[in-house]
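Read the structure below first, then the notes.
Here, each number is a calculation from the coordinates, and none is a lab measurement. These numbers come from a predicted model, not from an experiment. Quick reminder, even Gly has a Cβ in these numbers, built from the backbone with ideal geometry, and neighbours come from all protein chains shown.
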Amino acid sequence: MVAEEPVKKSLRDQAYEELRDRIIDLRLSPGQRLVERDLATELAISRIPLREALQMLEREGLVVIVPRQGAIVAPFTVADVRDLFDVRESLEVLAARLAAERAEPADLAALRAQLSAARQATARGDQAAIAAANAGFHAVIVEVSGNPLLQSLLRPLESRVRWLFHLTKERDPGTQCDEHEDLYAAIAANDPDAAAEIAYRHVASGREPSLALSAQWSMPDFDPVTATRTRQRGSAREKTA
């Protein structure tokens with residue numbers, strides 16, 4: 001049998017994934033201006049696919065586009081983080097309950113793979129890999145839930161959850177791994193009540209530490225219109241100070 005060649009990603013999708021990853025791991029800072037001309041040159045693409053990528057990122061809440069002025073990485077406030085936890089405490093709990101009811105051996109293997117990746121990343125102190133694996137664990141649970149409507153509601157939040165893991169990287173990743181192990185055990189045991197309870201405790205336990213940390217980098221008075229009007233551009237790869 002001839003192996004199928006991998007589908008080549010469009011320029012729009014390539015730009016979207018590259019910029020999304022830079023925003024998530026803070027190579028592009030909240031509030032940083034995204035200059036189309038500079039990014040198009042750096043990514044070696046025209047402005048049309050770049051603009052389409054920025055629009056995709058705007059729909060995920062990672063970018064703010066000011067008409068006729070430009071785009072910036074979405075600023076955030078403590079209230080934004082609180083809102084994210086409110087949604088997670090409801091929808092991720094439901095996802096865990098459904099996953100415990102429906103998980104198959106292949107699903108459990110996928111969850112184990114994410115747990116293993118998170119443990120390995122934690123051991124070597126790789127913050128980007130830790131965030132990706134932990135967010136990936138939650139994403140697999142959503143897929144295992146088998147509820148298309150729930151998936152459509154939570155999938156756009158995956159990038160923001162990964163972003164949150166990076167912004168709150170001072171939280172103990174070992175504790176998060178332990179909590180994920182407990183959640184996995186409940187799902188593997190097909191115990192929906194236990195899975196729901198553990199999922200709620202897991203998300204809720206991160207609320208107050210994350211809100212406290214978010215106060216350090218919150219931007220409540222940030223004005224996107226003023227930010228996109230400025231002539232100061234800076235490098236598209238500028239990292240968080």
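Once the convex hull of the alpha carbons of segment 78-215 is built, what does its volume come to per residue, in cubic angstrom? Walk me through the numbers before you get to the answer.
On the way: hull volume 11.7 nm³, N = 138.
So the per-residue hull volume is 85 Å³.
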Selection from Leu149, Val81, Pro105, by position along the positive dipole direction of segment 78-215 (Cβ): Val81
Within a Cβ distance under 15 Å of Leu154, other residues only, what is the Lys/Arg minus Asp/Glu net charge? -1
Sum of side-chain charges, Leu115 neighbourhood, beta-carbon under 12 Å (Lys, Arg +1; Asp, Glu -1): -2
Are there DSSP H segments in the chain that both extend 24 Å or more along their axis (alpha-carbon positions) and score a mean Kyte-Doolittle hydropathy of at least 0.5? List them, or say none. 127-144
Amide H partners (placed H, <5 Å) of Phe76, local residues excluded: Met219
Here are several values of mean projected area of the Cα convex hull in nm²: [x] 11.7; [y] 15.0; [z] 12.4. Which one was derived from the coordinates shown? [y]
With charges only on Cβ, +1 for K and R and -1 for D and E, what is the dipole size of the chain about its Cα centre, in debye, rounded to 20? 1240 debye
What whole-number distance in Å separates the alpha-carbon centres of segment 67-83 and segment 181-219? 25 Å
